[in-house]
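Peer 1: Supplied in structure tokens, the structure appears directly below.
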Amino acid sequence: MPQYTIKKLKNTEITSIYDTYMRQDFPTDELKPLSHILKSMEEGYGFSLGLYEEERLAGYAVFILCEETKCALLDYFAILSDRRGEGLGHCAFSLLDTYFRENLPQVEGLYIESERIAAAEKEEQRLTRERRIAFYRSCGCEMTDLRAVLFGVDYSVLYMRMGNPVQGASLEALDALYRRMFKPEHYLRFVSLTDKTDDSRKNAVAD
């Protein structure tokens, strides 16, 4: 059986992955500039992990951390196109969970954005989004009542509990992550959060 491991990526490694794979794996309107990813890593609130079969890259993930709220955001996740269909997505999530428990035990939950099914314009889009959300749920993630519209892209938000969490997903924790990620002027213009549980809305909330 192949042995897979998770490794923290250096700036040079994520740069190579960005240029070689991420530009193909993600739509242009969902892909942040490489400089944003590198800045988050250099300032310590972001990091990237690679899934490897021995020395061969099989997948990757990019994260944002918010220590104050004890949570993280899965910013990007992909299995390389020539390795899909092998069950590596589930394998990767299991290894990611282990990595967090061993290296970031303070993180109680992981937020995951997935394009909203109801916002799909075509049947093919709808089916793809349904499959993606079904995959995350099969990995132990739960659908939340949170919705995020970021730079015009409409997302449902899932949540994966880690360790022994004191509380579950919250709009306030997700909002703190986005404030960490985006410049204030970009946050005000391009970030909108909704929580269906109380019909509250954080849309360009001023400090």
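The values are calculated or read from the model by the stated rules, or taken from the named source; none is laboratory data. This one's a predicted model, so the numbers in the text were calculated from it and none came from an experiment. Cβ placement follows ideal geometry from the backbone for every residue including glycine, while neighbour counts extend to all protein chains displayed.
Peer 1: Just name the residue that is modelled with the lowest pLDDT out of those in the range 1-53 that are under 22 Å from residue 86 (Cβ atoms), in a loop (DSSP other than H, G, I, E, B) and within 17 Å of the chain's Cα centre (by Cα).
Peer 2: The qualifying residue modelled with the lowest pLDDT is 26.
Peer 1: Among the residues of the range 121-131, write down those that are at pLDDT below 95 and either of a type outside the set (D, E, K, R) or under 16 Å from residue 66 (Cα atoms) (or both).
Peer 2: Matches in the range 121-131: 125, 128.
Peer 1: Please verify whether the range 132-153 includes one or more residues that are in contact with a helix residue (DSSP H, G or I) (Cβ under 7 Å, 6 or more places away or on another chain), modelled with pLDDT of 95 or more, more than 19 Å from residue 46 (Cβ to Cβ) and among the charged types (D, E, K, R).
Peer 2: no
Peer 1: Does residue 113 satisfy being farther than 22 Å from residue 32 by Cβ and charged (D, E, K, R)? Full working, then the answer.
Peer 2: Working: farther than 22 Å from residue 32 by Cβ: no; charged (D, E, K, R): yes.
Criteria not met by residue 113.
Peer 1: So, in the range 74-89, how many residues would count as being assigned to a helix (DSSP H, G or I) and either within 14 Å of the chain's Cα centre (by Cα) or within 13 Å of residue 60 (Cα to Cα) (or both)?
Peer 2: Here the count works out to 4.
Peer 1: Got a number for residues in the range 7-37 being under 13 Å from residue 49 (Cα atoms) and among the aliphatic types (A, V, I, L, M)?
Peer 2: Selection size over the range 7-37: 4.
Peer 1: Of all residues in the range 155-172, how many are modelled with pLDDT of 95 or more and of a type in the set (Gly, Ala, Ser)?
Peer 2: Total satisfying the criteria: 1.
Peer 1: Another one. Search the range 1-22 for residues that are surrounded by 14 or more Cβ atoms within 10 Å (Cβ to Cβ) and pair each with any residue that is in a loop (DSSP other than H, G, I, E, B) and modelled with pLDDT under 95 when their beta-carbon atoms are under 8 Å apart and the residues are at least 6 apart or on different chains.
Peer 2: 22/31
Peer 1: Considering only residues that are in a helix (DSSP H, G or I), within 28 Å of residue 67 (Cβ to Cβ) and of a type in the set (Gly, Ala, Ser), look in the range 90-120 and name the one that is nearest to the chain's Cα centre (by Cα).
Peer 2: Looking at the filtered set, the residue picked out is 92.
Peer 1: In the range 136-155, what residues are free of Cβ contacts under 8 Å to residues at least 40 places away in the same chain, under 10 Å from residue 111 (Cβ atoms) and either in contact with a Pro (Cβ under 6 Å, 6 or more places away or on another chain) or of a type in the set (A, V, I, L, M, F, W, C) (or both)? Please lay out each step first, then the result.
Peer 2: The first filter runs over the range 136-155 and keeps only residues free of Cβ contacts under 8 Å to residues at least 40 places away in the same chain, leaving 136-137, 141-144, 154.
With the extra rule that they be under 10 Å from residue 111 (Cβ atoms), the set shrinks to 141, 144.
Matches in the range 136-155: 141 only.
Peer 1: Inside the range 154-189, can you point out the residues that are more than 23 Å from residue 138 (Cβ to Cβ) and either of a type in the set (A, V, I, L, M, F, W, C) or assigned to a loop (DSSP other than H, G, I, E, B) (or both)?
Peer 2: 166, 167, 170, 171, 173, 176, 177, 181, 182, 183, 188
Peer 1: Does residue 40 count as out of contact with any Gly (no Cβ under 6 Å at 6 or more places or on another chain) and touching a residue at least 40 places away in the same chain (Cβ under 8 Å)? Spell out how you get there, then give the answer.
Peer 2: Working: out of contact with any Gly (no Cβ under 6 Å at 6 or more places or on another chain): no; touching a residue at least 40 places away in the same chain (Cβ under 8 Å): yes.
No.
Peer 1: Is there any pair linking a residue in the range 156-185 that is free of Cβ contacts under 8 Å to residues at least 60 places away in the same chain and within 29 Å of residue 126 (Cα to Cα) to one that is acidic (Asp, Glu) and buried (at least 16 other Cβ atoms within 10 Å of the Cβ), with Cβ under 7 Å and at least six apart or on different chains, and which?
Peer 2: 157/113; 171/195
Peer 1: Right, here's the next one. Checking the structure you have, find out if any residue of the range 31-39 is in contact with a strand residue (DSSP E or B) (Cβ under 8 Å, 6 or more places away or on another chain), closer than 30 Å to residue 145 by Cβ and either among the charged types (D, E, K, R) or surrounded by 18 or more Cβ atoms within 10 Å (Cβ to Cβ) (or both).
Peer 2: Within the range 31-39 (the criterion being in contact with a strand residue (DSSP E or B) (Cβ under 8 Å, 6 or more places away or on another chain), closer than 30 Å to residue 145 by Cβ and either among the charged types (D, E, K, R) or surrounded by 18 or more Cβ atoms within 10 Å (Cβ to Cβ) (or both)), the answer is yes, since at least one residue qualifies.
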